[in-house]
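Engineer: Take a look at the following structure, please.
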Number of protein chains: 2
Amino acid sequence: MPTSPDLSAKLTLRSDAVVKPCEIFGPSLWQAASPVRTVPARRIIRCERDLDDAVPVVCRGWAASFVMLADASRQILSFLLPGDMFSAAFLFESQSHCTVEAITEVDYRAFKRGEMKAMLLKQPDLFDNFYKAWAEEKSRADQLIVDLGRRSAEERIARLILNLAARLAPRGLGQTENVEIEFPLRQHHIADATGLTPVHVSKVLSELRRGGLIELSGRTLTILDLERFRRLAYMR
Amino acid sequence: MPTSPDLSAKLTLRSDAVVKPCEIFGPSLWQAASPVRTVPARRIIRCERDLDDAVPVVCRGWAASFVMLADASRQILSFLLPGDMFSAAFLFESQSHCTVEAITEVDYRAFKRGEMKAMLLKQPDLFDNFYKAWAEEKSRADQLIVDLGRRSAEERIARLILNLAARLAPRGLGQTENVEIEFPLRQHHIADATGLTPVHVSKVLSELRRGGLIELSGRTLTILDLERFRRLAYMR
DNA sequence: CGGCGACTTGAAACGTGTCAATTAGCGTGG
DNA sequence: CCACGCTAATTGACACGTTTCAAGTCGCCG
């Protein structure tokens with residue numbers, strides 16, 4: 001007797017399935033692009049204060065943009081998935097206040113700022129795509145502020161996972177029972193993104209596992225009970 | 001015998017001295033503006049999910065944009081001073097994820113989105129002013145993420161105060177010995193902006209006063225020892 | 001004068017951090 | 001193929017910062 005279809009329903013999310021930069025910017029922008037560059041995991045791709053008149057876009061892999069403090073603690077501002085600009089602000093400023101590091105091996109392209117800017121101003125639909133990306137970046141930053149200011153460790157971690165899953169899901173997360181996610185993050189990445197310590201992240205993840213909410217093995221994370229996990233993340 | 005000039009040097013910062021919206025947008029934009037509206041302190045000016053095709057700009061007074069959670073706790077995303085757009089994102093989206101509330105009595109104007117947008121696209125220098133404002137908004141949000149994720153209560157509060165002072169100072173904060181700031185915030189505003197409780201804010205402020213760093217009476221805050229206060233705020 | 005909101009203060013509880021010891025996992029070289 | 005050494009993760013005991021709760025003061029306005 002087969003398992004009931006509802007319970008066996010499974011959604012697998014991988015970052016190589018998400019929208020590619022060309023879909024965001026449209027083919028007309030590709031003439032402003034430099035060739036693809038590949039960097040290994042853990043490499044710094046772009047450093048705070050670097051001057052560079054380019055707008056880099058992730059094509060493959062995961063990266064993180066973060067700020068490093070004097071005591072060597074760091075705060076991750078956002079994870080960059082394929083299709084993400086390092087920051088929309090690069091279109092206007094050649095300098096940034098944050099550093100970008102590859103988490104996995106990363107392919108990226110750098111678009112020339114001047115050409116890109118000129119093209120955006122000429123093509124209103126391209127421009128719309130661009131500001132939508134920027135607005136989403138800002139909206140995510142605001143959400144993170146709320147998470148860090150007003151939510152518990154458990155909630156922060158659950159929300160981080162759900163947000164990543166949502167960004168990887170091409171059509172958004174439905175009511176699927178089982179969600180399996182490609183998950184290359186180390187616990188210290190989660191810690192730096194949620195404002196916690198790696199030790200505490202480990203404890204909370206163990207708790208979530210014990211509660212039957214998630215499974216985390218190798219570089220794959222599975223949300224076992226999406227509904228309960230969501231309640232945990234959005235309550236308050 | 002008079003006090004030495006260095007020690008008596010004083011800088012007074014008031015929000016009615018900061019740059020006016022017209023200086024940001026240039027006079028050419030004023031044809032897109034609605035007349036000034038005035039709302040009393042504590043009034044909600046614009047609600048989350050309100051649909052409104054306008055880009056509101058503060059002309060006088062202080063306001064706060066915040067997100068409210070289900071348990072009635074709230075997180076302030078930013079304080080709005082004269083010259084600030086409620087959010088640059090309003091230029092593109094008529095809906096927002098946050099609410100704006102007047103702290104003092106507030107005058108504001110709403111610019112018509114369509115006209116404003118058209119004008120920005122036609123006048124590159126206006127456009128530059130606009131994206132600079134947006135980039136600054138984003139940069140402040142990123143700073144707040146770092147503060148909430150990685151700094152102590154004392155640091156967060158000191159940084160909040162210094163940031164407000166810097167925004168009120170037309171030419172930036174120098175090495176002035178005494179900085180006196182118009183400060184209409186209640187302690188619960190500070191709490192909601194720093195992710196703390198009002199009780200703890202009270203304790204930290206008392207500590208700062210006892211340490212001779214600040215003076216806070218009525219609606220005026222004085223930084224008594226700017227250098228020490230800065231060290232406190234920027235260390236880490 | 002009374003009432004109310006803003007603030008203060010202290011005691012105790014709680015969540016998260018710190019430290020330290022231990023285990024698991026993984027790539028490298030013998 | 002195994003031993004080694006490294007980094008990542010786990011776990012427990014304890015410390016610390018912040019919250020919660022409660023009582024009380026102060027100032028302001030009706």
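Engineer: Of all the residues that make up the range A:127-143, how many are more than 7 Å from chain B (Cβ to nearest Cβ), without any contact (Cβ under 8 Å) to a residue 40 or more places away in the chain and more than 23 Å from residue A:186 (Cα to Cα)?
Structural biologist: Count: 4.
Engineer: List the number of the failed condition for residue B:146; all other conditions in (1) more than 30 Å from residue A:194 (Cα to Cα); (2) without any contact (Cβ under 8 Å) to a residue 24 or more places away in the chain hold.
Structural biologist: Looking at each condition in turn, residue B:146 falls short on (1).
Engineer: Looking at the range A:202-236, which of its residues are among the β-branched types (Val, Ile, Thr) and within 13 Å of DNA strand C (Cβ to nearest atom)?
Structural biologist: First, pick out the residues of the range A:202-236 that are among the β-branched types (Val, Ile, Thr): A:204, A:214, A:220, A:222-223.
Hits for the range A:202-236 are A:204, A:220.
Engineer: Check B:93, B:154, B:115, B:101 and return the single one that is facing chain A (nearest Cβ under 10 Å) and at negative phi.
Structural biologist: On the way: B:154 fails: facing chain A (nearest Cβ under 10 Å); B:115 fails: facing chain A (nearest Cβ under 10 Å); B:101 fails: facing chain A (nearest Cβ under 10 Å).
When all the criteria are applied, what remains is B:93.
Engineer: Then there is this: Return the residues of the range B:73-91 that are under 15 Å from residue B:42 (Cα atoms) and either without any contact (Cβ under 8 Å) to a residue 24 or more places away in the chain or in a helix (DSSP H, G or I) (or both); say none if nothing qualifies.
Structural biologist: B:80
Engineer: Could I ask something else about it? Got at least one residue in the range B:192-201 being at pLDDT 95 or above, more than 21 Å from residue B:42 (Cα to Cα) and away from DNA strand D (no atom under 13 Å from the Cβ)?
Structural biologist: no
Engineer: I would also like to ask the following. So which of A:142, A:147, A:53, A:71 ends up being acidic (Asp, Glu) and within 23 Å of residue A:29 (Cβ to Cβ)?
Structural biologist: When all the criteria are applied, what remains is A:53.
Engineer: Within 12 Å of DNA strand D (Cβ to nearest atom), touching a helix residue (DSSP H, G or I) at 6+ places or on another chain (Cβ under 9 Å), assigned to a helix (DSSP H, G or I) and at pLDDT 95 or above: which single residue out of B:156, B:140 fits that description?
Structural biologist: Working: B:140 fails: within 12 Å of DNA strand D (Cβ to nearest atom).
Exactly one residue qualifies, and that residue is B:156.
Engineer: Go through (1) touching a Gly at 6+ places or on another chain (Cβ under 8 Å); (2) within 16 Å of DNA strand D (Cβ to nearest atom); (3) more than 10 Å from chain B (Cβ to nearest Cβ); (4) under 25 Å from residue A:212 (Cα atoms) and name the single condition residue A:166 misses.
Structural biologist: (2)
Engineer: In addition: crowded, with 22+ Cβ neighbours inside 10 Å, within 22 Å of the chain's Cα centre (by Cα) and not assigned by TED's automatic domain parsing to the domain that holds residue A:195: does that describe residue A:89?
Structural biologist: On the way: crowded, with 22+ Cβ neighbours inside 10 Å: yes; within 22 Å of the chain's Cα centre (by Cα): yes; not assigned by TED's automatic domain parsing to the domain that holds residue A:195: yes.
The answer is yes for residue A:89.
Engineer: Next question. Which of the numbered conditions does residue A:70 fail, given that it passes all the others? Conditions: (1) within 13 Å of another protein chain (Cβ to nearest Cβ); (2) assigned to a helix (DSSP H, G or I).
Structural biologist: Every condition holds for residue A:70 apart from (2).
Engineer: When the range B:173-201 is examined, which residues are found to be within 11 Å of DNA strand C (Cβ to nearest atom) and among the aliphatic types (A, V, I, L, M)?
Structural biologist: B:185, B:190, B:191, B:199, B:201
The values are calculated or read from the model by the stated rules, or taken from the named source; none is laboratory data. Here the structure is a predicted model, which means the values were calculated and not measured. Reconstructed Cβ throughout: ideal geometry from the backbone, glycine too, with neighbour counts over all protein chains shown.
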